[in-house]
Structure formats: structure tokens, C-alpha cells
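Enquirer: Sharing a structure, written as C-alpha cells. Questions coming.
The values are calculated or read from the model by the stated rules, or taken from the named source; none is laboratory data. Bear in mind the structure is a predicted one, so any value in this text is a computation, not a measurement. Note: ideal-geometry Cβ built from the backbone for every residue, glycine included; neighbour counts use all protein chains shown. The protein model used for the area step is the full one, side chains on, heavy atoms only, and it has no ligands, DNA or RNA in it. Shrake-Rupley method; radii C 1.70, N 1.55, O 1.52, S 1.80 Å.
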Amino acid sequence: MIRIVVFASGSGTNVENIINHFNNTDKAVVTNVLCNNPAAKVFDRCEKLNMPCSFFEKTDFFKENTVLHFLQQEQTDFIILAGFLWKIPANLLAAFPNKIINIHPALLPKYGGKGMYGMHIHKAVKANNETETGITIHYVNENYDEGAIIFQAKTTLTSEDTPETIAEKIYVLEQEYFPKLIENEILKNG
């Protein structure tokens, strides 16, 4: 069985969706969730789902090999970034080539890069009067939001849309597509 660890920084809605999806399959399993934000709501979600969720600090991730050693000890096959806001360090990229998948709440290459996440993106999309937006599921490389694109899904926007309604449309796309696309990719490349 393919073993997945999910990284998160926030509320964990995508994390919950991914865990529930893989609870209903015999092809892969989420073994752990790792979080870099001690106040994140993902801890509560994981507790309700009976999923181990561990906090790690910047030094564990960037300066020491603590996170890498944990992933190796867990025999991790794939890493999924679900609302995770830190750039992935070189040691993880080397240990998991083409095995780290991220979701971005915009149609890359638009609205990507450092600082472009969540409502920052939706406000920028609105400010630029975009007629569509969407999600991008992509592999992770050494640069923010520049890895090879796996899949994109679009949604139409109107002049009445607000950053909040744009966020709702993105949420629907994330919930519908992210777990299925993860499954497709890990089965193809696992």
C-alpha cells in the first residue's frame, strides 16, 4: 500500500477530504499529517479523524533533517501539500523526486509565488477583473508554484463575485478534484 504524509499550515479542509478519500480505498493510506503552525485548526480535524498530526519547527525542516528522518522512518512514498505555506527544502526534494504534490488556488502561472495563497490570491483575481480562475495541482520543485502541472480545473467569474465568493468556488473545485488527482498520480508513479 502506498503511504502518504500530508503537510498543512491551516484549517485542514483539504486534509480532511484527502484522509476521508483514502480511508475508502485499498490502494493508498494517509499515515500522518505534519503541521508547521501550532495554532492551526488541522490539529482538531485530525483528532476527530483519529489521524496523527505532529507539529514541527523551522529548524526541524530547514536546518536539521528531523522531518526528513521522520518521513523515512514512516516509509513515506508521497508527500501532499494541502495548504502548506513553506517552500520545500532541497533535502526533501532530493529524497522525494516527483513525489511531492501541491494544490494552488489559482490557474498557474498566474497568481503564483511567495506570498500568493488563500485570500491574497482571491483579492488579486478580483482586483484584476478576471473572468475565470481555478485550481492547479502540480509537482513541487525548488521554486514556489513552478513545478510541472498535473491538472487544472476552471470556474467562471462574474462582476458580482467577491473574494469570498471566489474562495467558495475554489473550495468546491478543491474538494471535487484534489483527492482523485492525488490517487491517479500516485498509482501512476508509485
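Enquirer: Hey, can you find the accessible area per residue of the chain for me, probe 1.4 Å, expressed in square angstrom? Working shown, then result.
Expert: Details: 9470 Å² over 190 residues.
Spelled out: the 1.4 Å probe surface of the chain, per residue, equals 50 Å².
Enquirer: Does region 24-101 classify as rounded, prolate or oblate by the C-alpha gyration tensor (a ≥ b ≥ c root eigenvalues; a/c under 1.5 gives rounded; else a/b over b/c gives prolate, otherwise oblate)?
Expert: Since a/c reaches 1.5 but b/c is at least a/b, the shape of region 24-101 is classed as oblate.
Enquirer: Same structure again: Quickly estimate the mean residue ellipticity at 222 nm for the chain, helices only: each DSSP H run with n ≥ 4 gives -39500 (n - 2.57), and the total goes over all residues, rounded to 500. Write out the running numbers ahead of the final one.
Expert: Details: 6 runs with 70 residues, N = 190.
Calculated at 222 nm, the ellipticity per residue is -11500 deg cm²/dmol.
Enquirer: Name the shape class, rounded, prolate or oblate, that the alpha-carbon gyration tensor gives for the chain, where a ≥ b ≥ c are the square roots of its eigenvalues, rounded holds for a/c under 1.5, and otherwise prolate holds if a/b is larger than b/c and oblate otherwise. Intermediate results must be reported in sequence, preceding the final value.
Expert: Values: a/c = 1.63, a/b = 1.52, b/c = 1.07.
Taking the square roots of the gyration eigenvalues as a ≥ b ≥ c, the chain is prolate.
Enquirer: Compute the signed sum of charges (Lys and Arg +1, Asp and Glu -1) over the other residues within less than 14 Å, Cβ to Cβ, of D145.
Expert: Working: positive: K87, K110, K114; negative: E142, E146.
Result for the neighbourhood of D145: +1.
Enquirer: Hey, what did the chain get for relative contact order, percent, Cα under 8 Å, at least 6 apart?
Expert: Numbers: 329 pairs, mean separation 38.4, N = 190.
Value for the chain: 20 percent.
Enquirer: Where a ≥ b ≥ c are the square roots of the eigenvalues of the C-alpha gyration tensor, would you call region 110-155 rounded, which needs a/c under 1.5, or, failing that, prolate if a/b is larger than b/c, or oblate? Working shown, then result.
Expert: Numbers: a/c = 2.84, a/b = 1.42, b/c = 1.99.
Here region 110-155 falls in the oblate category.
Enquirer: Something else: Tell me the net charge near H120. Cut-off is 15 Å between Cβ atoms, H120 excluded, with +1 for each Lys or Arg and -1 for each Asp or Glu. Working shown, then result.
Expert: Working: positive: K110, K114, K123, K126; negative: E130, D145, E164.
Computed value for this residue: +1.
Enquirer: Nearest 5 percent is fine: what portion of the DSSP beta bridges confined to the chain is antiparallel? Could the numbers behind the result be given before it?
Expert: Details: 11 of 28 bridges.
Beta bridges within the chain, antiparallel portion: roughly 40 percent.
Enquirer: Right, here's the next one. Run down the lysines and flag those whose C-alpha is under 19 Å from the C-alpha of K123, throwing out any fewer than 8 positions away in its chain.
Expert: List returned: K110, K114, K154, K169.
Enquirer: What residue among A28, V125, H138 has its Cα farthest toward the positive end of the dipole of the chain, where the charges are +1 on Lys, Arg and -1 on Asp, Glu, each on the Cβ?
Expert: So the residue we want is H138.
Enquirer: What relative contact order, as a whole-number percentage, does region 35-144 give when Cα pairs under 8 Å and 6 or more residues apart are counted? Numbers along the way, then the final one.
Expert: Values: 109 pairs, mean separation 26.3, N = 110.
Worked out over region 35-144, it gives 24 percent.
Enquirer: Further question on the same structure: Once both labels are modelled 7 Å past Cα along the beta-carbon direction, what's the V172-T155 spacing in nm?
Expert: Output for this residue pair reads 0.6 nm.
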